[in-house]
2 protein chains.
Amino acid sequence: MMLLYDYWRSSAAYRVRIALNLKGLPYEAHSVHLVKDGGQQHQSDYRALNPQGLVPLLTDGSFRLNQSLAIIEYLEDTHPSPALLPADPQSKAQVRAFSQVIACDIHPLDNLRVLQYLTGPMEVSEERKLVWYQHWILEGFKALEKMAASYADAGPYCFGEQVTMADVCLIPQVYNADRFNCPMTDFPRLREINDNCLKLEAFQKATPEQQADAT
Amino acid sequence: MMLLYDYWRSSAAYRVRIALNLKGLPYEAHSVHLVKDGGQQHQSDYRALNPQGLVPLLTDGSFRLNQSLAIIEYLEDTHPSPALLPADPQSKAQVRAFSQVIACDIHPLDNLRVLQYLTGPMEVSEERKLVWYQHWILEGFKALEKMAASYADAGPYCFGEQVTMADVCLIPQVYNADRFNCPMTDFPRLREINDNCLKLEAFQKATPEQQADAT
């Protein structure tokens, strides 16, 4: 069985949990607590597995893989059904671009290690940290709302009738936006997609609060 | 012919230039000057093409695509030879993970809009901005050096005898590291791969200084 090094509040790990559930792949979750013990991801035994010291990490037999989008594409390559990417190259590219707006240009700016570095060595105040956090979500969501708008009549999800990797990335990011009180009024389509996805069991089971290490 | 919205110093655009050259695909470069006129990427005609207001953007006929890794995978899907990803799912996943360490966890923290936001609304000093810049490169390179080390005897490039998307991402990031005087002494393998890649014409032709908009 695959083993997922996981943390309930990690939105990159949340993406992988959704993808595993959508594909019906059983896995064992191994919690790496990002806050407790000064951050278990920094401990040498975990760094030996993942030199980045981040979650998620997936093991499939003796194969170890970091980076959430690489993991999701690996699941897609090895367990193609149900597909999380369209077959047509242009549609597939659009799903990847949407996903990367989140995975490259929103989330990495707001994750824990960056916030800690901002208020630590950069001496940014807690108040300004929140401004930073919301700024990058709002910047990214403006683009995503436009990217999703042209598919609004095509079905309940980002790119139509089928759930794709774009939805897998969007829902954890909306969770973060809500957690930090980002105003969502300008993003009605993203909110709608979020609500549609959360009707599905694969998404429900992956939510942070449903994880064994949630506190 | 494909059209690349490009900027000589954008390392995300640099990745796409390398990939186009490796695949022998002719393209027309359209410069979007990220500094002149307060940043041409913010102008409404460009935002209409790319709602993120970032480079690169590729057009292929009427098809428009943003996000450098999505573009490279699109080129791979539509022009598979020479391949920039291995066929084996596990090797392919490792190349993607390596690429994403750069494209998700190093570069987005150090790109122009983030540095401008740091010294602007976050009121971080120019001196500290440089500390920030180097910190994320060094953090990422530590992991990449370990990820590449196991392939050091397999060939001149990140993952052996064949150039992959990993090399396509690494070389622009080393360029940035050198530009901002990041100490590279702890990363002998990354330096070696960089030097090997820059012996190839596809990489040479893509370097910032070779672009028509270089100043």
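Summary of computed values
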item	result
Test: residue A:178 is surrounded by fewer than 17 Cβ atoms within 10 Å (Cβ to Cβ), more than 8 Å from chain B (Cβ to nearest Cβ) and assigned to a loop (DSSP other than H, G, I, E, B)	no
Some residue of segment A:113-132 being in a helix (DSSP H, G or I), within 8 Å of chain B (Cβ to nearest Cβ) and among the acidic types (Asp, Glu)	no
Of residues in segment A:74-84 being crowded, with 22+ Cβ neighbours inside 10 Å and without any contact (Cβ under 8 Å) to a residue 60 or more places away in the chain, the one nearest to the other protein chains (Cβ to nearest Cβ)	A:74
Any chance residue B:206 is surrounded by fewer than 14 Cβ atoms within 10 Å (Cβ to Cβ) and not in a helix (DSSP H, G or I)	no
Residues (crowded, with 19+ Cβ neighbours inside 10 Å and within 14 Å of residue A:10 (Cα to Cα)) located in segment A:114-138	A:114
Only listed residue being touching a strand residue (DSSP E or B) at 6+ places or on another chain (Cβ under 9 Å) and surrounded by 19 or more Cβ atoms within 10 Å (Cβ to Cβ), chosen from A:19, A:13	A:13
Pair list, Cβ under 9 Å, 6 or more apart: segment B:49-69 residue closer than 17 Å to residue B:25 by Cα and without any contact (Cβ under 8 Å) to a residue 24 or more places away in the chain, other residue surrounded by 23 or more Cβ atoms within 10 Å (Cβ to Cβ) and aromatic (Phe, Trp, Tyr)	B:63/B:74; B:65/B:74
Neighbours by Cβ (under 6 Å, 6+ apart or cross-chain): first from segment B:115-137, in the same structural domain as residue B:181 (by TED's automatic domain parsing) and under 12 Å from residue A:122 (Cβ atoms); second of a type in the set (S, T, N, Q) and surrounded by fewer than 21 Cβ atoms within 10 Å (Cβ to Cβ)	B:129/B:119
Complete set of residues in segment A:102-111 that are facing chain B (nearest Cβ under 7 Å) and among the hydrophobic types (A, V, I, L, M, F, W, C)	A:103, A:104, A:109
Qualifying residue in segment A:154-172 (condition: over 23 Å from residue A:20 (Cα atoms) and either hydrophobic (A, V, I, L, M, F, W, C) or part of a helix (DSSP H, G or I) (or both))	yes
Residue identified as aromatic (Phe, Trp, Tyr) and facing chain A (nearest Cβ under 8 Å) among B:63, B:141	B:63
Qualifying positions in segment B:85-101 - more than 8 Å from chain A (Cβ to nearest Cβ) and either over 18 Å from residue B:174 (Cα atoms) or surrounded by fewer than 24 Cβ atoms within 10 Å (Cβ to Cβ) (or both)	B:85, B:86, B:87, B:88, B:91, B:95
Residue within segment A:26-33 that is buried (at least 17 other Cβ atoms within 10 Å of the Cβ), without any contact (Cβ under 8 Å) to a residue 12 or more places away in the chain, outside the structural domain of residue A:177 (by TED's automatic domain parsing) and out of contact with any Ser or Thr (no Cβ under 7 Å at 6 or more places or on another chain) present	no
Failed item, numbered, when residue B:41 is tested on (1) surrounded by 22 or more Cβ atoms within 10 Å (Cβ to Cβ); (2) closer than 30 Å to residue A:79 by Cβ; (3) of a type outside the set (A, V, I, L, M, F, W, C); (4) free of Cβ contacts under 8 Å to residues at least 40 places away in the same chain	(2)
Single unsatisfied condition, residue B:214 versus (1) in a loop (DSSP other than H, G, I, E, B); (2) in contact with a His (Cβ under 7 Å, 6 or more places away or on another chain)	(2)
Single residue of B:19, B:103, B:48, B:87 found to be in a helix (DSSP H, G or I) and more than 18 Å from the chain's Cα centre (by Cα)	B:48
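The values are calculated or read from the model by the stated rules, or taken from the named source; none is laboratory data. As the structure is a prediction and not an experimental result, all values here were calculated from the model. All Cβ positions, even for glycine, are placed from backbone atoms using ideal geometry, and neighbour counts span all protein chains on display.
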